[in-house]
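Written out below as structure tokens is the structure these notes cover.
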């Protein structure tokens, strides 16, 4: 994929006739992007929960600085197999709305160490995705542990459905979890975060995540395919 992060100031020979070179600034990408964050809201990891809140709050500020229009959604992922229901905390909000929604997440519950994050991804197919022109769609999954399989659906089938719908996948999780496999199958991006991240670890991850999301969601490079299905989530080198 071509590097499409906001351009730097133009050189003198690049300045169009009549345009004051001193007034040039890096431009935001014209794309409209929908970002649905799916956050592990179980009570399994207090330090990881704090990392989730820090990451999403920073993303709410930084991503709109690079992309012209960003609509955020937020889903609190819970342990569905013991009767808990995911909570839709935000749909189609701006950065300020995401920050407010993040502050309302309750990190509690959960019946065992493994969660149902893949179930939450499956259910996110029904989110209010916009199919208009110049629209890009993305899911950011933040999970602290393994996910149980989706009943009646393999992980490969889930990945192919995401790619068919052209939903880019970004996963933030400890390296040992099976969530990494979802990123691999969808040509998405995986960002390692420990279960007890330090503040500098979170800050560095936010910088990489924001830059990678900008490049992936605003890029015009060639699409990749898996089993003949085009994907809008080609990985970028970091």
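The values are calculated or read from the model by the stated rules, or taken from the named source; none is laboratory data. Since we're looking at a predicted model, the values are computed, not measured. Here the Cβ is made from the backbone with ideal geometry for all residues, glycine too, and neighbour counts use every protein chain on show.
Selection of the stretch 136-178 for residues being in contact (Cβ under 8 Å) with a residue 60 or more places away in the chain and farther than 17 Å from residue 77 by Cα yields 136, 137, 159, 160, 163, 164, 166, 167, 168. For the stretch 231-238, the condition of being at pLDDT below 95, closer than 20 Å to residue 134 by Cα, touching a helix residue (DSSP H, G or I) at 6+ places or on another chain (Cβ under 7 Å) and not in a loop (DSSP other than H, G, I, E, B) holds for at least one residue. For the stretch 51-91, residues that are part of a helix (DSSP H, G or I) and either without any contact (Cβ under 8 Å) to a residue 40 or more places away in the chain or touching a strand residue (DSSP E or B) at 6+ places or on another chain (Cβ under 6 Å) (or both) total 7.
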